[in-house]
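Worksheet for the structure shown next.
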Amino acid sequence: LAVPPPEDFFRQYVHSTPLGAVVAGIDADRRATLTREVCDGWRDFVEDGKLRLEVRMTIVVLKG
């Protein structure tokens, strides 16, 4: 799954989850530190400017 670059994806992800309220409640310096640390950890997964995520799924089909 290819998603936007780390900084963009992080902002989108945070704002679309319950983390949004938590992150909104911290000061700008702590928010910047959080963003930097998470995005630095994702750098190894960037290809062609996009963050590449491997999403594993298990699909179960019930017959009956």
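The values are calculated or read from the model by the stated rules, or taken from the named source; none is laboratory data. It should be emphasised that the depicted structure is a prediction, and the values quoted were computed from it without experimental measurement. Backbone-built Cβ (ideal geometry, glycine too); neighbour counts: all protein chains shown. All accessible areas refer to the heavy atoms of the entire protein, side chains included, with ligands and DNA or RNA removed. Shrake-Rupley method; radii C 1.70, N 1.55, O 1.52, S 1.80 Å.
Worth a mention:
- Residues in the range 29-64 that are open to solvent by less than 60 Å² (accessible area, probe 1.4 Å), of a type in the set (Ser, Thr, Tyr) and out of contact with any Phe, Trp or Tyr (no Cβ under 8 Å at 6 or more places or on another chain): THR33 alone.
- Qualifying residue in the range 14-28 (condition: touching a Pro at 6+ places or on another chain (Cβ under 6 Å) and either surrounded by 13 or more Cβ atoms within 10 Å (Cβ to Cβ) or without any contact (Cβ under 8 Å) to a residue 12 or more places away in the chain (or both)): no
- Close pairs (6 angstrom Cβ cut-off, 6 or more residues apart or separate chains): under 15 Å from GLU7 (Cβ atoms) in the range 40-64, surrounded by 10 or more Cβ atoms within 10 Å (Cβ to Cβ) and among the aliphatic types (A, V, I, L, M) anywhere: TRP42/LEU51; PHE45/LEU51; LYS50/ALA2; LEU51/VAL3
- Sole exception among (1) in a helix (DSSP H, G or I); (2) modelled with pLDDT under 95 for ARG30, by number: (2)
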